[in-house]
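Colleague: Could you have a look at this structure, given as structure tokens, before my questions?
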Amino acid sequence: LALARELFSKGEANWLGSLHQEARRIHFFRLWACREAVLKAVGTGFRGRDLAIGQDPDGLYRVRSAPSG
């Protein structure tokens, strides 16, 4: 959770913090993979703080706020 607070958006970190430990671990790695793919594609580096990804009710992850670039 400390790593999420450092690298993820505030909303993503707060959402992870609200989850049970096992769910938090699963979703942490899913968010990590999504963020890595998007940030590599736009070339901003992993600390693209303006990127926000969220999970829809259908369970899919979607970009909520795109990084600049």
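Colleague: Could you give the length gained by full extension between Lys10 and Phe29, i.e. 0.36 nm per residue of separation minus their alpha carbon distance, to one decimal place?
Modeller: Using 0.36 nm per residue and subtracting the Cα-Cα distance, I get 5.2 nm.
Colleague: Let me ask something additional. Can you tell me, using C-alpha contacts under 8 Å and at least 6 residues apart, the relative contact order of the chain as a whole percent?
Modeller: 28 percent
Colleague: So which chymotrypsin sites (Phe, Trp or Tyr not before Pro) in the chain pass both tests, a DSSP loop state and at most 14 other Cβ atoms within 10 Å of the Cβ?
Modeller: Phe46
Colleague: Leaving out ligands and nucleic acids, note down the accessible area per residue over region 1-48 with a 1.4 angstrom probe, in whole Å².
Modeller: Result: 62 Å² per residue.
Colleague: Just how large is the dipole of the chain about the Cα centre, in debye to the nearest 20, putting +1 at every Lys and Arg Cβ and -1 at every Asp and Glu Cβ? Numbers along the way, then the final one.
Modeller: Working: 11 positive and 7 negative charges, 33 e Å.
I would put it at about 160 debye.
Colleague: Run a plain Debye calculation on the chain (Cα atoms as equal point scatterers, no solvent) and give log10 I(q)/I(0) at q = 0.17, 0.22, 0.26 Å⁻¹, rounded to two decimals, same order as the q list.
Modeller: Each listed q maps to, in turn, -0.54, -0.91, -1.25.
Colleague: To continue, here is another question. Summarise the accessible area of the chain (1.4 Å probe, protein heavy atoms) by the percent that is carbon and sulfur.
Modeller: Numbers: 2420 of 4330 Å².
That share works out to 56 percent.
Colleague: If I fit a long axis through the Cα atoms of helix 21-42 and take the longest principal axis of the Cα atoms of the chain, what angle between them do I get, 0 to 90°, rounded to 10?
Modeller: Once rounded, one gets 10 degrees.
The values are calculated or read from the model by the stated rules, or taken from the named source; none is laboratory data. Values in this document were obtained by computation on a predicted structure and should not be read as measured data. FYI the Cβ positions are ideal-geometry reconstructions off the backbone, even for glycines, and counts take in every protein chain you see. These area figures cover heavy atoms from the full protein model, side chains too; ligands, DNA and RNA do not enter into them. Shrake-Rupley method; radii C 1.70, N 1.55, O 1.52, S 1.80 Å.
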